[in-house]
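FYI, it's all coordinate maths here, none of it is from the lab. As the structure is a computational prediction, the values presented were derived from the model and not from experiment. Reconstructed Cβ throughout: ideal geometry from the backbone, glycine too, with neighbour counts over all protein chains shown.
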Amino acid sequence: MQPDATDWKIIHLLSEKHMSNTDIARELGLSEGTVRQRLKRLQSDGILKIKALRNPSLLQGQQIAYVAANVSESRLLDAKAREIAALEHVMSVSILSGQYDLILEVLIDSNNGLIRFLTEELSTVDGLRKTETFLILRSYNKWI
């Protein structure tokens, strides 16, 4: 089922202003129960996923890295992206245009976490031919 205009308003208020169901209901002139039911439907339909986000600057002993990768055969792009997305430390995988096929966002332990991820996790994925890693030193307006 496609979201209607009210669903999109709810999603916007939830994502942009981090409002409670009660505040969203008040803002849109709906009951809290209606907002709750719509959010439940949006989640069960796979349109919306609600997660707690953390400020990465407050993470003790962890850091974010981006790993750019090329896949040996472009027909395997979707399959490899899904396989990589299932790895423990991978927060997201995106398919790119340009120099690299994929960009991975990973959350690693600061001490030896990157080398462990590259040698013990990412190396299990066949068909990757080149990677380049970028360590994030500081992020602005970034929540994970």
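Of all aspartates and glutamates in the structure, those lying under 16 Å Cα to Cα from Lys40, and not within fewer than 8 positions of it along the same chain, are Asp4, Asp7, Glu32.
The aspartates and glutamates within cross-link reach of Lys80, meaning a Cα-to-Cα straight distance under 19 Å and a gap of 8 or more places when in the same chain, are Glu88, Asp101, Glu105, Glu120, Glu121, Asp126, Glu132.
Two numbers describe the Cα atoms of the stretch 1-85: Rg and Dmax, which are 18.3, 53 Å.
Rounded to the nearest 20 debye, the dipole size of the chain about its Cα centre is 360 debye, using +1 on the Cβ of Lys and Arg and -1 on the Cβ of Asp and Glu. In the chain, taking the dipole from charged Cβ atoms about the Cα centre, the farthest positive-side position among Ile24, Leu114, Gln60 is held by Ile24. A P(r) calculated from all alpha carbon pairs of the stretch 5-44, with 10 Å bins opening at zero, reads 35, 63, 2 percent.
Does the stretch 56-135 come out rounded, prolate or oblate by the C-alpha gyration tensor, with a ≥ b ≥ c the root eigenvalues, rounded set by a/c under 1.5 and, if not, prolate when a/b is larger than b/c and oblate if not?
Prolate, because a/c is 1.5 or more and a/b exceeds b/c.
Loop-located trypsin sites (Lys or Arg not before Pro) in the stretch 1-56 (DSSP state other than H, G, I, E, B) with a sparse environment of at most 13 neighbouring Cβ atoms within 10 Å: Lys49, Lys51, Arg54. In this rough spin-label picture, where each label sits 7 Å from Cα along the Cβ direction, the Ser123-Leu87 distance is 1.2 nm. Mind giving me the FRET efficiency for Lys9 and Gln60? R0 is 35 Å, r the Cβ-Cβ distance, nearest 0.05 is fine. Between Lys9 and Gln60 the formula returns 0.40. Placing a pseudo-label 7 Å from each Cα along the Cα-to-Cβ vector at Ser72 and Met1 gives an inter-label distance of 4.6 nm. Loop-located chymotrypsin sites (Phe, Trp or Tyr not before Pro) across the stretch 60-144 with a Cβ neighbour count of 12 or fewer within 10 Å are Tyr140, Trp143, with loop assigned by DSSP. Residue-normalised convex hull volume from the C-alpha trace of the chain: 145 Å³ per residue.
Straightening the chain between Gln43 and Leu137 buys 30.4 nm, computed as 0.36 nm per residue apart minus the Cα-Cα spacing.
What's the longest bit of the chain with no exposed GluC sites (Glu not before Pro), using DSSP loop states and at most 11 other Cβ atoms within 10 Å as the test? Formally, the longest exposed-site-free interval is 1-72.
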